[in-house]
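One structure is given below, encoded as structure tokens.
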Amino acid sequence: MSYFNNINKIKYEGPTSTNPFSFKFYNPEEKIGDKTIEEYLRFGVAYWHTFAENLSDPFGAGTAIRPWDKFTGMDLAKARVEAAFEFFEKLNIPFFCFHDADIAPEGDNLKETYKNLDVIVSMIKDYMEDSKTKLLWNTANNFTNPRFVHGAASSNNADVFAYSAAKVKKGLEIGKELGAENYVFWGGREGYETLLNTNLALELDNLGRFFHMAVDYAKEIGFDAQFLIEPKPKEPTSHQYDFDVASGYAFLQHYGLQDHFKFNIEANHATLAGHSFEHELRYARIHGMLGSVDANQGHPLLGWDTDEFPTDIYATTLAMYEIIKNGGLGKGGLNFDAKVRRASFEAEDLFHAHIAGMDSFAVGLKIAQKLIDDNVMDSVIDERYKSYKEGIGKDIVEGNTNFHKLEEYALGLTEIKNESGKLERIKATINQYLLRAYAGE
Ligand code: XLS
Ligand code: CA
Ligand code: CA
């Protein structure tokens, strides 16, 4: 059975194509440096938004019309697998990602849930044998069911801690079975509403214990995926423990976990934390902690997690700049944790959305590579920090000075001269690169 029968395989047709079902900039085989664009970008489809999302919002019922809507229960789960692999093939996408709850319905108890998962996982495994699409990461949904009302690994209820551990244990087994390259931890309810009823120290210690047990179990079963923490400052709780990369990194170091994890950075979560996307990427990169990316964007006028498909080329350029500087994403990739808008309710909108995202990142990659080849940002930064290359600055960075010597130096200064940071000049130059790319240069 075909779920998208009037849509053919999406091909690269170049920037002047008028076919909406074609890539204009994403040419998977094109080489950038020593890698193809496909190898660089490692795009993934998010199962939850694309196959399990009905586009409801807090004010209204779902609007999505999907060819698998007529099914329910396990039949629906199976139909979604069939639709997913047809979609992956038509989009020619190398990866996908899922939560346990996206692929199979929960049973009446944990044993039943495992049974449902086993059926679907073995079906996915069969489909993967005939498909080029691999599993970028899987994760446990430890936030939707009411049992997680007080959190999962940070719940006040030890039974919930145990239940959450069991779900992650199963998730690690599934990841191993399907050859997942990463395993993600997003603490959907790991946070608090108010400190008035919260034992902050115990919750954090328990989270640390939980992650150690996950590391131990993966080792025990020989599952060598990269573990990723996905920071998000709020939503659904008012304060989440993995607030941003900086606080997540402090947490990992405090609990001795920093060698076992990297970060999965989502653009919309960065903006929720009051950061730019590139801030989070840069912060992770300079600490050797950039693992993978959830490629989306927030709405500039809304302060919540709108998970839009990424179309802002300025943002994709600055993001790709960090990713190239990182030497790529290794085992990570660019997962479209993004949903079509509520008014884009037709199944073909799922294709338009992914095409837009893939083209936007392909353009971003090409422009960022040019900025790097032409040394645009590095030359600005080198010039701006030149005072640390000689004299007192060199002594500071080489550790050859102290407060006595610095005071003596400062007392001898007759004048301190600063130079312009040239922000507008830099922005104009970046625009020039963007516009030259539009002009096809
Ligand atoms: C929600 C998160 C979630 C994670 C995986 O805001 O983005 O979807 O990526 O649990
Ligand atoms: Ca995400
Ligand atoms: Ca999100």
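All alpha carbon pair distances within the chain were sorted into 20 Å bins beginning at 0; the resulting P(r) in whole percents reads 23, 54, 20, 3, 0. Computed from backbone phi, the HN-Hα couplings of the range 201-217 come to 5, 5, 4, 5, 4, 5, 4, x, 4, 4, 5, 4, 5, 5, 4, 4, 5 Hz, rounded to whole numbers (Karplus: 6.51 cos²θ - 1.76 cosθ + 1.60, θ = phi - 60°; Gly and Pro given as x).
What nm value, rounded to one decimal, do you get for the distance between S379 and N400 when each label is placed 7 Å out toward the C-beta? Here the modelled spin labels are 3.0 nm apart. For the pair S56 and D34 in one chain, pulling the backbone fully straight at 0.36 nm per residue adds 3.6 nm over the alpha carbon distance. Each label was represented as a point 7 Å from its Cα along the Cα-to-Cβ direction; for N431 and R341 these points are 2.6 nm apart. For F161, the shell of other residues with beta-carbons less than 14 Å away shows a net charge of +1, using +1 for Lys and Arg and -1 for Asp and Glu. Beyond 32 Å in Cα-Cα separation lie the following of the pairs K70/K170; K11/K331; K170/K232; K24/K169: K24/K169. A Gaussian network model of the chain, with springs between Cα atoms under 10 Å, assigns the largest mean-square fluctuation among T316, T50, T63 to T63. Each Lys and Arg contributes +1 and each Asp and Glu -1, all at the Cβ; summed about the Cα centre of the range 1-106, the dipole is approximately 300 debye. Amide H contacts under 5 Å for H239: Y192, restricted to partners 5 or more places along the chain or on a different chain, H placed in the peptide plane at 1.01 Å from N. Determine the gain in length on full extension of the stretch E193-S247; use 0.36 nm per residue of separation and subtract their C-alpha separation, reporting nm with one decimal. Computed gain between E193 and S247 is 17.6 nm.
Ranked by the mean number of other Cβ atoms within 10 Å per residue, highest first, peptides 391-398, 326-333 order as 326-333, 391-398. Net length available on complete extension from L301 to L423 is 41.4 nm, with 0.36 nm assigned per residue and the Cα-Cα distance removed. Here's the picture: a label point sits 7 Å out from the Cα of Y409 along the beta-carbon direction, and within the range 378-398 the residues with their amide nitrogen under 12 Å of it are 387-398. Spin-label model, K370/K125: points 7 Å from Cα along the beta carbon direction are separated by 4.8 nm.
The H on the amide N of Y183, modeled in the peptide plane, is under 5 Å from the matching H of Q226, F227, L228, each at least 5 residues off or on a different chain. Phi angles across the range 234-245 convert, under the Karplus curve 6.51 cos²θ - 1.76 cosθ + 1.60 with θ = phi - 60°, into 3J(HN,Hα) values of 7, 6, x, 7, 7, 9, 9, 5, 8, 4, 7, 4 Hz, Gly and Pro given as x. Residues E424, E30 in ascending order of nearby Cβ atoms (within 10 Å, fewest first): E424, E30. Between rounded, prolate and oblate, where does the range 192-242 land on the alpha carbon gyration tensor, with a ≥ b ≥ c its root eigenvalues, rounded for a/c under 1.5, else prolate if a/b exceeds b/c? Oblate, because a/c is 1.5 or more while a/b does not exceed b/c.
Each Lys and Arg Cβ is given +1 and each Asp and Glu Cβ -1; about its Cα centre, the chain then shows a dipole of about 320 debye. As a proxy for reagent exposure, F243, F23 were ordered by neighbouring Cβ count within 10 angstrom, fewest first; the result is F243, F23.
Quick note on the range 304-422: its Rg to Rh ratio, both from C-alpha atoms and Rh being the Kirkwood radius, is 1.23. Taking amide H as placed 1.01 Å from N in the peptide plane, the amide H of K134 sits under 5 Å from that of F95, F96, each at least 5 places away or on another chain.
Here is the tail figure for the range 1-146: Cα pairs spaced more than 18 Å apart come to 64 percent of all pairs.
None of the figures in this text is laboratory data; all of them are computed from the coordinates on show. Only a predicted model underlies this, so the values are computations on that prediction, with no experimental measurement involved. Positions of Cβ are generated from backbone atoms using ideal geometry, with glycine treated the same way; all protein chains shown enter the neighbour counts.
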